[in-house]
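Encoded as structure tokens, the structure appears first; notes follow it.
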Amino acid sequence: MTDRQTPLTYAQAGVDIDAGNELVRRIKPLVRSTARPGADGEIGGFGGLFDLKAAGFKDPVLVAANDGVGTKLRIAIETGIHDTIGIDLVAMCVNDLVVQGAEPLFFLDYFATGKLDPAEGEAIVKGIAEGCRQAGCALIGGETAEMPGLYADRDYDLAGFAVGAAERDRLLPSAEIAKGDMILGLASSGVHSNGYSLVRRIVELSGLSYDAPAPFDASRSLGAALIEPTRIYVRPLLEAIRASSGIKALAHITGGGFVENIPRVLPDTLRADIDLFAVTPPPVFGWLARTGAIEPLEMLRTFNCGIGMIVVVSEAEAASVAALLQSQGESVVPLGRILDRHEAAVTFNGDLKL
């Protein structure tokens, strides 16, 4: 045993309690900005509260989702762009809730870092609060962990947890999905938050730095273009679900692309027949495909390729649902039909315009 003349402190071990308290002080106004019926937008207790009755539900089923942002975080860290990555965190959770017909109610985050910087933490939570406002859910709590020795000083990780509710008789997918139903696609805002290990490998192969002009968008740096946040589809889709009985299923196009995500909402007897000529991928996808020499099928099973959400709707109501979504600011394309399944759960016609 070694005798010490100077007592050790937690700060000397690398954990700054004062920095944590300063972060909480900074983010309280951000949290308050997400208040909604059922939650008061305050933090500081040992748990967050939500009142389902105050939110107006009669026979609710709770739906929960959790997710992260993957290695897109590495681009945020290397570019120093921290104020939008929280939008991605919320989006990845709440978009998974709405595909089940659920309204996101509240959100909690987990933020772990090697060395806590209150200004950086505030920027991250600013993005989380913005994502919650876009989705209409309350940020009711979270956890900040400073863990020297586990993370390098500049590194951090994020995880998000969302809970929503749906009236029992409006849960999706519907059991009434049938041959002949239409498939609508809602445009993505870019790469969203999947496939970034491949994206980062392609950037490495290109020899470009993140502060270089983006080859596919000269108005922005490559880093700023690649960090474009994930689109949140919650409000338009909830509006459409409430206004129409024709929506039968939704699919969030995340990791696995069309190939893996659409079958998750289809019965085993049916397939999605997708018209690739209807898809106009944003230029970033063409650059990724060319620079990485990526085959079209690999693109379709890795990235969203320009379509972030799929809507399965009865043929009779497809036009009205598309018009309603367009009136809410969504770019909608008729993407295909539901047909009998023979082998594959997703079939493609045409080629991606990469």
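The values are calculated or read from the model by the stated rules, or taken from the named source; none is laboratory data. The shown structure was predicted, so the numbers you read here are calculated from the model rather than taken from an experiment. In this analysis, Cβ positions are derived from the backbone assuming ideal geometry, glycine residues included, and neighbour counts consider all displayed protein chains. Remember, those area values only see protein heavy atoms, side chains included, never the ligands or the DNA or RNA. Shrake-Rupley method; radii C 1.70, N 1.55, O 1.52, S 1.80 Å.
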Out of the range 89-180, which GluC sites (Glu not before Pro) are coil in DSSP terms and have no more than 14 other C-beta atoms within 10 Å?
176
Using alpha carbon centers only, the range 321-354 is separated from the range 230-305 by a whole-angstrom value of 8 Å
For residue 138, what residues show an amide H to amide H distance below 5 Å, using hydrogens built from the backbone and excluding near sequence neighbours?
106, 107
The answer for trypsin sites (Lys or Arg not before Pro) in the range 255-354 that fall in a DSSP coil and have at most 14 neighbouring Cβ atoms within 10 Å is 353
From the phi of every residue in the range 9-18, what ³J(HN,Hα) in whole Hz does the Karplus formula 6.51 cos²θ - 1.76 cosθ + 1.60 yield, where θ is phi - 60° and glycine or proline is x?
10, 4, 4, 5, 7, x, 10, 9, 4, 5
At 1.567 mPa s and 4 °C, Stokes D of the range 216-283 from Kirkwood alpha-carbon radius, µm² per second:
85 µm²/s
Viscosity 0.692 mPa s, 37 °C: Kirkwood-radius Stokes-Einstein D of the range 239-350 over Cα pairs, µm²/s:
221 µm²/s
Give, as ranges by residue number, the residues of the range 274-297 whose backbone N falls under 13 Å from the point 7 Å along Cα→Cβ of residue 339.
274-276
Find how many whole Å separate the alpha carbon centroid of the range 59-117 from the alpha carbon centroid of the range 148-165.
9 Å
As a test, work out the antiparallel percent of DSSP beta bridges whose residues both lie in the chain, rounded to the nearest 5.
75 percent
In the range 1-87, the GluC sites (Glu not before Pro) that sit in a DSSP loop and have at most 16 other Cβ atoms within 10 Å of their own Cβ are 42
With the cut-off at 1.5 for a/c, could you classify the range 87-192 from its C-alpha gyration tensor as rounded, prolate or oblate?
prolate
On Cα atoms only, tilt of 318-327 relative to the major axis of the chain in degrees:
40 degrees
Figure the gain on full extension for residue 42 and residue 268 (residue separation times 0.36 nm, minus the Cα-Cα span) and round it to one decimal in nm.
76.8 nm
For residue 53, give me every one of the lysines with a C-alpha distance below 26 angstrom, ignoring sequence neighbours fewer than eight places off in its own chain.
28
Residues residue 168 and residue 11, FRET efficiency given R0 of 35 Å [Cβ-Cβ distance, rounded to 0.05]
0.10
Taking the range 24-79, the whole-percent share of alpha-carbon pairs separated by over 14 angstrom is 71 percent
Return the long-range amide H neighbours of residue 145 (sequence gap of 5 or more, or a different chain), with a cut-off of under 5 Å between placed amide H atoms.
111, 112, 113
I need two numbers for the chain: Rg to one decimal and Dmax as a whole number, Cα atoms only, in Å.
21.9, 81
With the 1.4 Å probe rolled over protein heavy atoms, the chain has an accessible area per residue in Å² of 46 Å²
Among 119, 60, 299, whose Cα sits farthest toward the positive end of the charge dipole of the chain (+1 at Cβ of Lys/Arg, -1 at Cβ of Asp/Glu, about the Cα centre)?
60
In a Debye calculation with equal point scatterers on the alpha-carbon sites of the range 1-158 and no solvent, what is log10 I(q)/I(0) at q = 0.15, 0.17 Å⁻¹?
-0.81, -0.99
Selected from 243, 318, 102 as most flexible by GNM, with the chain as the system and alpha-carbon contacts under 10 Å
243
Would you kindly derive the ³J(HN,Hα) couplings of the range 224-231 from the backbone phi angles with the Karplus curve 6.51 cos²θ - 1.76 cosθ + 1.60 (θ = phi - 60°), listing them in order in whole Hz, with x for Gly and Pro?
5, 5, 6, 8, 3, x, 5, 6
